[in-house]
Amino acid sequence: MRFVHSADWQIGKVFKQFGAKEEALRQARLAAIERLGDFARANGAAHILVAGDVYDNEAPSPVTLRAPIERMKRFPDIHWHLLPGNHDPHRPEGLWDRLVQLGLPAHIHLHLTPVPVALDDAAFLLPAPLTRKTELDDITAWMDKAPTPQGVLRIGIAHGSITNFGSEGEAANPIDPGRPKSAGLDYLALGDWHRTLQVGPAAWYAGTPEADRPGSQERGSALLIEIAGAGAPAAVTPFATGAYRWVTRTERLSGGNELADLEQRLRHEPDLSQLILRLQLEGTLPISAYAELQRCLLDLEAAVFHLDVNQSALAARPSEADLEAIDFDGVLRRCADRLRGMIDDPAQADETRRSAEEALVGLYLRAVDSKETA
Amino acid sequence: MFIKALAVEGIGRFANGAHVEGFNQGVNVLAAGNEVGKSTLFKAIRTCLFARHDSKTTDIRELASDGSQLPATVQLTFEQNGRTYVIRKSFLRSPSATLSEDGREIARFKQADEAVWDLLGLRPGSGRTLDNGAFGLLWVGQGASFAPPAPGAAATSLLSTAIESEVGALVGGERARHVFDDVTSGLRRYLTASEQHPKADGPLHAAMGNAEKWRAAEAEHQKKLAALEMQFEKLRRQRRQLRDLTDPVAAEQLTQELASARNDLAEARSAAQELRTCEAEETSARHGVESAAQRLGQHRDLIARIDCNRQAEAALAQELPQLEAREQEARNAAARTLEQIACVKAALQTLSTREQQAARLDAALIRAQRRNEVARRLKTLEQAAHELRDVDARLAQIRVKPKTVDDLDDLERQIASLDAQLAAAAAQLAIEVKPHGAGQVRIGGARAKASYSAPVLTPIRVSVANIAEITVTPAANARHDKRQSLDEGRAALLKAVGVVSVAEAHALLSQRRELEATRKAVLAQLRTFKVSDDPEAAIGKLKSGLAETEAAIAAALAAAGRERLPTEQELDAEKLALGQERNALESRRANLELAREQQQEALENAVEARSGAVSKLDLIRNRIAEDLELCADADRAARDAALVLEVTRAEAAHRTAAITLAAMRETAPDPAEIERRQTRCERLEQALANRNDEIRQLEHDIGRLTGQIQAASGDGVGEALVAAQEQRALAEREYARLEQHVAALKLLRDTVAACLAEGREHYYQPVRRHLRPFLNDLFPGCELELGDGFAITGIKRQRSELFERLSDGTQEQIAVLVRLAMGAMLAERGQVVPIILDDALVYCDDDRIQRMFDALSRAGKHQQIIVLTCRLRSFGPLGGHTLRIRSDCETGMAA
């Protein structure tokens, strides 16, 4: 038995911070479905299990609702098994009923009730759909007593957090890590964590097929599962499905000379045009270097798909050269000295010191500009 | 520079040439009235120094004298750097320029123009413009003294040079101003001019609006989503409720309960029906017993009634003759009483006739009393009528009337007046008779007394014994004619009324008035008798009434059969006797009437008793007959026995029915039980109906909720909410970033401004040092606040005051003082430039102008001050050197 395990498509997720590029990311999540289909077809997997959170929201727009269905329709030879998750729980007249009312093709299966479903003669799927965002009880408990014919594969599919296993998961829906054993499962396909993760001998989180946040899954992926027969171990093979890479880098700067190295390092990242880079900058820079950094960041922003720079931990401190660049003496120099005094004064409020820092940078840029103009 | 002399020709009103005398060091005052040409001279100095000789600008054209055929010529003599220069320029016609130094011409034409500028340290600008430097600053034209000094580039350079030689340059001031302007301009993009609020079309305002917009959108979507959540929850509850309601086991149980309850009710109702039948039978049997007993009772009552009626019939038959006798007796008594009443009525009729006669006699007696009164009145009337006729006859004989007498009196007065006038105008005849001539002198025939004196109104004849006859005749006079006319008029009036003198006329008029008074009295007497002017008619009427009265009295006597009228006492006695007789008769008749009514009532009672007895007897006899028809005396016993048997049988049947009913009551359900079963049935039926209604309602509600949820979900409200949340967060971050940016801009702007102000404060110290004594003259303790480019921004006394908020007078005074200070500062640095004030210090009060004069005098110690004013008296105390304008017609213009 060979099948694909995916989860957390979260179709319809919004990316407003990306502005005009938002639509590209939304489309990428739909394109990931096609890559899943292509991969399954290429690897002889007749079933793709989606372990919850097919949609990002339980009240999506009509277009969002239909979009993944239309992508799956392109693979009529593949059986798509969709499970409600905490983002899209099954509630009467909710989105799953809307989908049913749309009239789904036969190869798209919605698992809305906890009853065993035969995948084929040799395997049964035991789904644990969520009917609300938060369940206090383990919804996979029923699997322990779920009847299936003797000698068939028992494959569980659920969306939730393995108990006592960290807190990265979104929902509080608890799942007993011993469920595969207690329910005699050959494999438990899990969803909720946006990261490919094995949580037991036969229990895996597939991760999302298209990464969607910094500090989590860098690139979208899914799992190819192969099980020889009932009781046999599952062979799990992760494969990439995502188009965009979500990379977070923290860089510490202490002088202008490091800027070139930083730029080089970042420019050597693969697929810059598909890179969503979150850059945490720390340290202290002279104002001249700070101004140069801003120009450098502008270049980098143009090179990558999206650049998100956090400079809250990066301080601009005027060097003597910066101050001389403003003026050796006179009004502007006094002004610069005064602002520097405010920046260096620990008695000043943080907000005031930040304002003084920005003011000093502004003064520097203006003073330099006026000199150049002169 | 020190101006020593000025001469003009063809300039303004000085077409024939004039020059100003008296220039000196220190304060110079040219005080002259309006339109003398002071301002023209001021313009002439400026034009001579700063304009090219071949310039034909509008100012120069306006400066030239109207219609003058001569060139507009200005010649200025001044001292500079220890040398004396004379610059002479002719404009418009034959333009020319020459410059002499210590009497030696050193330049002509264009070179002369520019040589002067070199001397004064001026530089021509681009084209033909000239920045006149300190002169522009210190020479204040008419009406310009109010404006604060605004140094041009050259003046600024001069001032800066002077300052920097003392305190050094203001380093970076210009760049700082650029930065300040740039930052301020940047702030203007974000904030309003007051910087209190974001600028309406600025990015900060837009960011704020954007954040607000997305907050509202988020709230809206949140609300919709919450509503959707509630609908989901409600739908879940309703579906569970529907599931419970449509549970087939519960439904079957309810149906069975209802069927069982209905069976129980039917059984109870059947038993109740049987019980009602038994009750009806028992009631019927009881009614049978009662009916038989009633018939037996009726039979026995009939027998008793017949016997009783027979006894009553016998008693009535015995009583009837007594009643008939009593009736007849009552009738007889009533007839007797009626006869007595008729007798009394006849007596009353006779008495009424007698009373009428007495009343007629009473009336006749009253008439007789009135007849005497009428006779007395008739006599009085007749006397008054006679007197009236007599007075009228006497009045007819008197013709004198009041008007006639008035006319006569008037004539008398005229005549007397005329006589007095004639006497006054006439000659006076005076005769003194000596004792021995006594009796020998006669005047008008009368012997003259010892002394005679009278006016001569008519010819008077005086005879003296026989010695002489003297006739004195008055002179002719027009008044004599008038006197004659008046005499004739008086005589005619007297004749017309038949008297001979005015006195007689007066007497007759008095007699007439007395007669008229008498007549009025008679008429008044007649009016008291209500008689008008014709008393004869009233007399006739009285006589007629008297005759009628006599006739009436006679008729009354005849009717009473008497020959004379009784006296009042007699008549009253008769009337009293008649009254007593009437009272007695009336009393008797009333008693008889009462008796008659009582007898009538007794008769009616007797009749009623007799007829009642007859009727009752007939009734009893009829009843007896009727009762015998029902039961003859012979059938009495047989019928009684039959009825007794019938009662016995009915009582036996009733006992049987009562036993059956009691047995049935023992077993049948009571009404409360039936009602309980009925209620249970109804309750179960209601429950079933309610359940069905509830199911229908729930199905309806679920359908509606489903539609609402589908609609809300179909709108993508969840997706829209997440989008709005992200948009809101983005907008808020952007707003915070812009706020931070604005705060940084403000801080930079304020810091630059503060540093700039400090630098400027230091830079302006020399100006302040020179200004302080001048300012102290007028405004002790006051400090000037200077902005960029030596601009006066305000003054600081107890507090800062904006320059433009000061009064016009104070503004002008400060502007002049600043000029004096700047001039002093330049003079100290060797740039001695005269200060010229044309028509300045317009709004100074008496105290301030004295202080201004002090300040001008102070400035005059270091440089030349030229004051042009039209206020001769006010500027008298200024002192200084007096400048005078001299016409060249007197002295000739210096060549």
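The values are calculated or read from the model by the stated rules, or taken from the named source; none is laboratory data. Everything numeric here is computed off the predicted structure, so don't read it as measured data. For neighbour counting, all protein chains shown are included, and Cβ atoms are generated from backbone atoms with ideal geometry for every residue, glycine included.
Computed values, structure above
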read-out	value
Qualifying position, being among the charged types (D, E, K, R), within 30 Å of A:Arg98 (Cα to Cα) and buried (at least 21 other Cβ atoms within 10 Å of the Cβ), among B:Arg704, B:Arg696, B:Arg728	B:Arg728
Residues (part of a loop (DSSP other than H, G, I, E, B) and more than 14 Å from A:Pro114 (Cβ to Cβ)) located in segment A:141-154	A:Pro149, A:Gln150, A:Gly151, A:Val152
Residue match in segment B:629-649 (condition: part of a helix (DSSP H, G or I) and either touching a Phe, Trp or Tyr at 6+ places or on another chain (Cβ under 8 Å) or over 19 Å from B:Ile303 (Cβ atoms) (or both))	yes
Residue within segment A:320-333 that is in contact with a Ser or Thr (Cβ under 7 Å, 6 or more places away or on another chain), part of a helix (DSSP H, G or I), facing another protein chain (nearest Cβ under 9 Å) and over 25 Å from A:Leu281 (Cα atoms) present	no
Test: residue in segment B:667-676 that is within 14 Å of chain A (Cβ to nearest Cβ) and farther than 30 Å from B:Gln253 by Cα	no
Strands (runs of 3 or more DSSP E) wholly inside segment B:7-119 that include at least 1 residues being touching a Leu at 6+ places or on another chain (Cβ under 8 Å) and either surrounded by fewer than 22 Cβ atoms within 10 Å (Cβ to Cβ) or basic (Lys, Arg) (or both)	B:18-21, B:27-31, B:72-80, B:83-91, B:104-108
Where A:Ala316 falls short, out of the listed (1) of a type in the set (A, V, I, L, M, F, W, C); (2) within 14 Å of B:Leu748 (Cβ to Cβ); (3) within 11 Å of chain B (Cβ to nearest Cβ)	(3)
Test: residue in segment B:227-247 that is surrounded by 13 or more Cβ atoms within 10 Å (Cβ to Cβ), away from every other protein chain (no Cβ under 14 Å) and over 30 Å from B:Asp788 (Cβ atoms)	yes
Inter-residue pairs, beta-carbon under 7 Å, first more than 10 Å from B:Arg610 (Cβ to Cβ) and in segment B:311-324, second basic (Lys, Arg) and at pLDDT 85 or above, 6+ apart	B:Glu313/B:Arg621; B:Leu316/B:Lys616
Single match in B:Arg236, B:Arg189 (criterion: free of Cβ contacts under 8 Å to residues at least 24 places away in the same chain, of a type outside the set (Gly, Ala, Ser), closer than 30 Å to B:Ala689 by Cα and in a helix (DSSP H, G or I))	B:Arg236
Enumeration of residues in segment B:742-762 that are within 7 Å of chain A (Cβ to nearest Cβ) and either over 25 Å from A:Glu357 (Cα atoms) or without any contact (Cβ under 8 Å) to a residue 40 or more places away in the chain (or both)	B:Ala743, B:Ala744, B:Leu747, B:Thr751
Check on B:Ala712, in contact (Cβ under 8 Å) with a residue 40 or more places away in the chain, within 14 Å of chain A (Cβ to nearest Cβ), farther than 26 Å from B:Thr156 by Cβ and within 60 Å of the chain's Cα centre (by Cα)	no
Any hit, segment B:168-180, residues being within 12 Å of chain A (Cβ to nearest Cβ), at pLDDT below 90, over 60 Å from the mean Cα position of the chain (by Cα) and surrounded by fewer than 14 Cβ atoms within 10 Å (Cβ to Cβ)	yes
Output for segment A:354-374, where each listed residue is modelled with pLDDT of 90 or more and either on the phi > 0 side of the Ramachandran plot or more than 10 Å from every other protein chain (Cβ to nearest Cβ) (or both)	none
Strands (runs of 3 or more DSSP E) (entirely within segment A:155-255) containing at least 1 residues that are in contact with a Pro (Cβ under 7 Å, 6 or more places away or on another chain)	A:187-191, A:197-200, A:203-205, A:221-227, A:245-253
Failed condition for A:Ala302, given (1) under 21 Å from B:Leu745 (Cα atoms); (2) more than 9 Å from chain B (Cβ to nearest Cβ); (3) free of Cβ contacts under 8 Å to residues at least 60 places away in the same chain	(1)
Filter pass, B:Arg276 being free of Cβ contacts under 8 Å to residues at least 40 places away in the same chain, within 14 Å of chain A (Cβ to nearest Cβ) and part of a helix (DSSP H, G or I)	no
Residue in segment B:803-812 that is in a strand (DSSP E or B) and free of Cβ contacts under 8 Å to residues at least 24 places away in the same chain present	no
Condition met for B:Leu645 (over 60 Å from the mean Cα position of the chain (by Cα), surrounded by 15 or more Cβ atoms within 10 Å (Cβ to Cβ) and more than 14 Å from chain A (Cβ to nearest Cβ))	no
B:Glu373 over 30 Å from B:Leu557 (Cα atoms) and among the acidic types (Asp, Glu)	no
